[in-house]
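Input: a single structure, listed below in structure tokens.
Derivation of every value follows stated rules applied to the coordinates shown; laboratory data play no part. Bear in mind that the values here come from a model prediction, so they are computed numbers and not experimental data. We place every Cβ from the backbone using ideal geometry, glycine too, and count neighbours over all the protein chains shown.
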Amino acid sequence: MNDRGNDKYLLTPGPLTTSLATKQAMLRDWGSRDSEFIAITRRIRERLLAIAGVEDSHAAVPVQGSGTFGIEATLGTLIAPGQRTLVLTNGAYGKRIVSILERIGRKVSALDWREDEQVDPVALETALRNDFAIDYVVVVHCETTSGILNDMAAIGRITKAHERRLIIDGMSAFGAIPIDVGRVPFDALIASSNKCLEGVPGMAFALIRKQLLELAEGNAHSLSLDLYEQWRGLEANGQWRFTPPTHVLAAFDQALKEHQAEGGVAARHRRYCANRDILVAGMRELGFETLLADAVQAPIIVTFLMPTHRRFDFARFYDELSERGFVIYPGKLTVVASFRIGCIGALGATEMQAALAAVKATLTAMDIDTLAPPAAT
Ligand SMILES: *Cc1c(COP(=O)(O)O)cnc(C)c1O
């Protein structure tokens, strides 16, 4: 995977390190109404459905913009004014979903957990049993705030048993963490080009149950974020309604080919798990502590507690790692000081080992041998 050119490695949850071929796929110009570009769009939409195993039941609807644009478009298109939504939140992305629903004037309530705790399916069960007016349940698959994995099988089973609709923010999970629509019967799953599918940023998409999409005409609060109209347009002539990010699509097409060639979701999951395990073991050896228990830690991004060592200076740590070629991510937690290191992107064991060596060298430069507290005497 040593084809990054002179770029730094992005140990971040997107944009992330992409392969050279994915970057090179952008070195052409396409007419957005040209048959070649229409074929790219079609291939991508089919591939996304195949990755989820929902070719018959769902439609893949892309939309311009970052992941949040996809979330806002999907919620606004599917949830009719007057319908009610319960959001399960254990981090900033869950809270953002609540904000979107409030902003677009949909009725919303939330069940909240701490950022280091999984969403509790038992509480969902109780809420749905007691409140028949809830139409939709929305949850984040992997909460990128902390890197915690939510129990999608349990949430899917309960939502289905109570005959409600399920929308998943699968942004930082889709393509690398398996999701089986048989066990997690989602009505919509939203993700973007620039996370586990290793494309460049600029496009989001939703996999939406066709029966539901057919009923969604006129719901959307926004002209440009109306996925019903976007879908109708794509089905009619294969074209996007408004200027598509052509180069992003060309890169995404290449990234999806690489995803398939690697062995799909199972292979990508294995590689990211190996990246995470190397990272966590190496960082612990240097005395860093993870926020999460291993059992709930997704192979996407790891939150480390800010060391309390008096010579540890995070701004310097960040800058020196960057100079050594590795970009990490500041924390997003509200509860404790932390920073994050991603395990996703076109990176493997060699790059994770090199990142650890850079961390060690940076600590040495700060005159720190180990961050571990002295053993009790
Ligand atoms: C990245 C991400 C998003 C979208 O963020 P954008 O900055 O708009 O791309 C949404 N939800 C989760 C869980 C994410 O990881």
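Based on the Cα coordinates of segment 184-307, what is the per residue volume of their convex hull in Å³?
Values: hull volume 21.1 nm³, N = 124.
It comes to 171 Å³ per residue, whole-number rounded.
Restricting to Cα atoms and excluding each atom paired with itself, what does the Kirkwood estimate give for segment 1-151 in Å? Working shown, then result.
Working: mean 1/r = 0.0540 Å⁻¹.
Result for segment 1-151 stands at 18.5 Å.
Using a simple spin-label model with pseudo-atoms 7 Å out from Cα toward Cβ, Gln24 and Asn130 lie 6.0 nm apart.
Using just the helices of the chain, give the 222 nm mean residue ellipticity in deg cm²/dmol: DSSP H runs with n ≥ 4 each add -39,500 (n - 2.57), and the total is spread over all residues, rounded to 500. Could the numbers behind the result be given before it?
Numbers: 12 runs with 149 residues, N = 377.
After summing the helix terms and dividing by the residues of the chain, the value is -12500 deg cm²/dmol.
Set against the 2.2 N^0.38 Å expectation for a compact globular protein, the chain has a Cα radius of gyration ratio of 1.01. Here the dipole of the chain is about 240 debye; that uses its Cα centre as origin and unit charges on the Cβ of Lys and Arg (positive) and Asp and Glu (negative).
Mean silhouette area of segment 95-199, derived from the convex hull of its C-alpha atoms and averaged over all directions, reads 6.7 nm².
Annotation for Ser57 and Glu323: the two label points, set 7 Å from Cα along the Cα-Cβ direction, are 5.4 nm apart.
Could you work out how much longer the chain between Ser224 and Thr243 gets when fully extended? Use 0.36 nm per residue separation minus the Cα distance between them, nm to one decimal. Present the calculation step by step, with values, prior to reporting the outcome.
Numbers: separation 19, 0.36 × 19 = 6.84 nm, distance 1.09 nm.
That works out to 5.7 nm of additional length.
Ranking Gly233, Phe205, Leu215 by how far each Cα lies toward the positive end of the dipole of segment 192-236 (charges on Cβ) leaves Phe205 at the top.
Just for the chain, what percent of DSSP beta bridges are antiparallel, to the closest 5?
Values: 23 of 43 bridges.
Here the antiparallel bridges make up roughly 55 percent for the chain.
When peptides 190-203, 298-311 are sorted by average Cβ neighbour count within 10 Å, with the highest value leading, the order is 190-203, 298-311.
Less than 12 Å Cβ to Cβ from Arg270, Lys/Arg counted +1 and Asp/Glu -1: what total charge do the surrounding residues give? Can you show the working numbers first?
Details: positive: Arg268, Arg271, Arg276; negative: Glu262, Asp277.
After counting each charged neighbour, the total is +1.
Take every pair of alpha-carbon atoms less than 8 Å apart whose residues are at least six positions apart; their mean separation over the length of the chain yields a relative contact order of 24 percent.
Going by average Cβ neighbours within 10 Å, how do the peptides 313-324, 353-364, 62-73 rank, with the highest at the top? Walk me through the intermediate numbers first.
Values: 313-324: 15.0, 353-364: 17.3, 62-73: 23.2.
The densest-packed peptide leads the list: 62-73, 353-364, 313-324.
Taking 0.36 nm per residue of separation and subtracting the Cα-Cα distance, full extension of the segment from Val122 to Arg43 would add 24.4 nm.
Restricting to segment 71-165, compute how many DSSP beta bridges are antiparallel as a %, nearest 5. Walk me through the intermediate numbers first.
Working: 2 of 13 bridges.
So the antiparallel bridges in segment 71-165 amount to around 15 percent.
Note on Cys273 and His162: the extension gain reaches 36.6 nm, defined as 0.36 nm multiplied by sequence separation minus the Cα-Cα distance. Each label point was placed 7 Å from the Cα along the Cα-to-Cβ direction; for Arg232 and Thr364 their separation is 6.5 nm. At an R0 of 30 angstrom, the distance between the Cβ atoms of Val296 and Ser32 translates into a FRET efficiency of 0.10.
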